[in-house]
1. List every residue pair whose Cβ atoms lie under 6 Å apart, where the two residues are 6 or more positions apart in sequence or sit on different chains, the first residue falls within region 350-363 and is not assigned by TED's automatic domain parsing to the domain that holds residue 340, and the second residue, located anywhere, is among the β-branched types (Val, Ile, Thr) and surrounded by fewer than 22 Cβ atoms within 10 Å (Cβ to Cβ).
2. State which residue pairs qualify: first residue more than 12 Å from residue 384 (Cα to Cα) and inside region 315-334, second residue basic (Lys, Arg) in any location, beta carbons under 7 Å apart, and separation of 6 or more residues or different chains.
3. Considering only residues that are more than 20 Å from residue 163 (Cα to Cα) and more than 16 Å from the ligand (Cβ to nearest atom), which ones fall in region 101-121?
4. Identify, please: which residue in region 186-203 is touching a residue at least 40 places away in the same chain (Cβ under 8 Å) and within 16 Å of the ligand (Cβ to nearest atom) and is, among those, farthest from residue 335 (Cα to Cα)?
5. Given the conditions (1) in a loop (DSSP other than H, G, I, E, B); (2) under 23 Å from residue 277 (Cα atoms), which single one is not true for residue 200?
6. When you scan region 122-132, do you find a residue that is in contact with a helix residue (DSSP H, G or I) (Cβ under 7 Å, 6 or more places away or on another chain), away from the ligand (no atom under 16 Å from the Cβ) and either assigned by TED's automatic domain parsing to the domain that holds residue 259 or modelled with pLDDT under 95 (or both), even just one?
7. From the list 175, 152, exactly one residue is closer than 21 Å to residue 384 by Cβ, more than 16 Å from the ligand (Cβ to nearest atom) and either at pLDDT 95 or above or of a type outside the set (Asp, Glu) (or both). Which is it?
8. One residue is enough: does region 143-154 have a residue meeting the conditions out of contact with any strand residue (DSSP E or B) (no Cβ under 8 Å at 6 or more places or on another chain) and either in a helix (DSSP H, G or I) or at positive phi (or both)?
Amino acid sequence: MAAAEHLTREQKQTSDMSLDVKKARKETPGTRNVAHFNNAGASLMPLPVTDAVKAYLQLESDIGGYEAAAKSAEQIGAVYQSVARLLNANPAEIALMESATRAWDMAFYALDFKPGERILTASNEYASNFIAFLQARKRYGVDIGIVENDEHGQISLEALREAMDERVKLVALTHVATNDGLVQPAEEVGKIVKEAGALYLLDACQSAGQLCLDVRKIQCDFLSATGRKYLRGPRGTGFLYVKREMIEKLEPPLLDLQAANWVSPDSYEIRGDARRFEAFESSLACRMGLGAAVDYALGWGMEAIQERIAELATALRSELSKIPGITVHDRGERKGGIVTFASDRISPSEIQDKLRSLSINVAVTQARHTRLDMEARRLDGLVRASVHYFNTEDEIARLGLELARIQTAAAL
Ligand SMILES: Cc1ncc(COP(=O)(O)O)c(C=O)c1O
């Protein structure tokens, strides 16, 4: 599918701005210090994000935390609108959370599983999610099904279609895994899940801010994401989308006086919007930063971001493939900005340390983060170099050069 087809009307309106990499780097002070290839870990925040966080903290310092919240009610409300725009959702369908995991958990643990019901997932599912499946199996006697992959390494749509029976309550998919360039066919999966009448939970932690996301097209009931990765927001932020029709059907696993109202000594009433999944206390400064990050991404346009990331990742894979003893491990019919590789002579963490000493940031992805997938591919760990639109071709060449030097030195 052409990238533009993923876009909502509003995203299309804002995507006319071309991606001026020079400007993006000027607005990202961290690019002066490091060649940052750890955008799938936590990206470099742009100035509008740090400015928003600092300004809000200053306001709290100047007039008091509660008073700052009252004064900024409109701007805080605008964060929900921004996240909703990013996803083509309604602001009432958005809950702001402190991480992607907590967002995912609030949806998952709200589901009322019965013994014998099935959860279907794919082999690239993230550790925290899979641990929750195992806990649900222990608690409720649910069955966990792993849908097999097709020849590209992504979830087989045929196998998924065959596995959908009346026992399947939930299909949970990780859109982009922490350890692979592979992008799962989230829309095609949504079509199959909805035809079968099951629920669909999408972990968009690595795709939010990287790929165009439209929850109406994906047809997910829930979507979780973080602020600090491809969205370039502050740490400690995330969000949950819950489809409007699902909100009132779900009682969150945890409630407080913001999520619910204590209306009589014996009773409470839960809010009617997705904020029933939130807690009262949060870092509003970081939330303002998240809002600024989403607006910043939409300002460039998700289509332009998505295209540049894919181009840079292709260039990086090709650069790495030229280095003797380096193997690129990414699979997928469609690949995104996460590039993974291994050396035949030096461990991923040694590569990470050596590159860090040269101010080049990469990450290490361990088998325990995506155990099913890594074990199936007999991998213990990989180096992960994740590109963003503000990375440059020069930085990619430098990473290639330094890695080649590291390889040569290790062979001596
Ligand atoms: C696919 C995926 N899901 C979930 C998470 C967890 O996100 P958080 O640390 O914000 O809870 C990660 C983090 O790397 C991830 O890669």
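The values are calculated or read from the model by the stated rules, or taken from the named source; none is laboratory data. For clarity, every value in this text was computed on a predicted model and none was experimentally measured. Positions of Cβ are backbone-derived with ideal geometry, glycine not excepted, and every protein chain shown enters the neighbour counts.
1. Every condition considered, no pair remains.
2. 325/345
3. Matches in region 101-121: 110, 111, 112.
4. The selected residue is 201.
5. Among (1) in a loop (DSSP other than H, G, I, E, B); (2) under 23 Å from residue 277 (Cα atoms), the lone unmet condition for residue 200 is (1).
6. No - not one qualifying residue is present in region 122-132.
7. 152
8. no
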